[in-house]
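Structure first, then comments.
The values are calculated or read from the model by the stated rules, or taken from the named source; none is laboratory data. Here the structure is a predicted model, which means the values were calculated and not measured. All Cβ positions, glycine included, derive from the backbone under ideal geometry; neighbour counts span all protein chains shown. SASA here: full protein model, heavy atoms, side chains in, ligands and nucleic acids out. Shrake-Rupley method; radii C 1.70, N 1.55, O 1.52, S 1.80 Å.
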Amino acid sequence: MPPTRSPEIEAVARRALTAYTADFGTIRNLFSTDPAVRVLGSDTGEWWRGVDDFIAVRSTQSEESPELELRIEEVEGFEDGHFGWAVLFSTLITPETTQLLRHSVLFRLENGAWRVVQWHNSGPISNEQVFGAELTVTLDDLLSSVLEDLDQLPPTDAEEGTVTLVFTDIVDSTPITESLGDDTWARLVSEHEGAIHEVTAAHGGRVVKMLGDGSLLAFESARAAVRTAVEIQHRSEGVPFGIRVGVHSGEVMRTTSDMFGLTVNKAARVASAAGRGEILVSSTTRDLVGRLDDVPFGEPRTMALKGIAGTHQVVPVLWRTN
């Protein structure tokens with residue numbers, strides 16, 4: 001079974017974060033007593049081994065700290081068997097500053113109760129500070145990059161043709177990277193990209209480009225494109241991240257290494273309208289696919305697509321039922 005959203009873990013994570021600043025009785029109750037527990041604060045020297053060390057230092061810090069308020073902005077929690085995890089976003093307010101914080105928490109089920117076995121706090125730092133360059137960090141950034149490509153005139157040797165495009169995107173990659181660590185994340189993304197190449201080739205498509213946490217794929221057959229999207233989702237089950245996929249068919253200008261045109265734009269926008277673990281296809285693609293016994297479709301939705309005039313019909317693929 002794939003991991004599921006867990007309101008119980010979200011509630012425990014909220015309690016633990018609320019208690020983090022000074023309620024050490026609650027902290028002791030919610031944290032595991034396992035000596036392997038690790039807590040990483042946002043300061044470079046804050047790395048505590050075991051709940052006792054953590055409480056000893058935090059109790060001193062609470063006396064040294066100015067009056068503060070910790071406001072929880074967002075929480076997502078998931079469980080998979082005896083383990084669970086949560087990501088939280090908060091705002092720390094003191095008389096002098098306001099600081100955005102992110103928290104990743106790993107839980108283990110102990111005697112019927114979820115206990116914290118790892119905690120990590122961090123403050124967001126721009127990629128420019130870390131890498132010396134701006135990097136793509138959100139799907140909107142990715143789409144903006146695609147749209148900039150659309151503004152460029154295609155080469156004179158570009159060919160016209162009708163294709164079905166598939167956009168894939170890893171959802172919420174930044175907090176997951178922080179939770180798993182760079183090495184684990186890099187390995188998982190590499191495996192995911194390998195699966196995309198393998199599945200695309202098996203269905204007669206081609207990988208036009210890899211786009212950071214996503215990909216742009218092209219197919220002569222709309223049916224092959226949809227089946228590829230479904231298989232990519234199935235191949236992504238069990239990994240600690242979600243995929244969203246958008247599919248659209250139409251005319252493009254294409255070279256050996258890229259594609260241009262409004263069809264690319266719309267395919268990207270359909271992807272941006274999809275949720276975590278979802279495949280959405282445009283009405284054009286849906287009409288081309290017709291009936292597929294092994295790929296059921298849901299009820300059509302009418303929605304606005306950012307940057308494209310009017311309303312548009314998209315159809316979800318019910319890939320988890322096959």
Under 5 Å from the placed amide H of Phe31, counting only residues 5+ away or on other chains, we find Val116
Distance in nm between Thr21 and Ala186 label points, each 7 Å along Cα→Cβ, equals 3.8 nm
From the Cα centre of region 33-79 to that of region 280-316, the distance in Å is 46 Å
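Would you work out what percent of the accessible area of region 45-110, with all protein chains in place, is carbon or sulfur (probe 1.4 Å)?
That share works out to 50 percent.
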Filtering GluC sites (Glu not before Pro) in region 75-111 by DSSP loop and by at most 15 other Cβ atoms within 10 Å leaves Glu96
Env charge @ Pro124, Cβ radius under 10 Å, K,R +1 / D,E -1, value 0
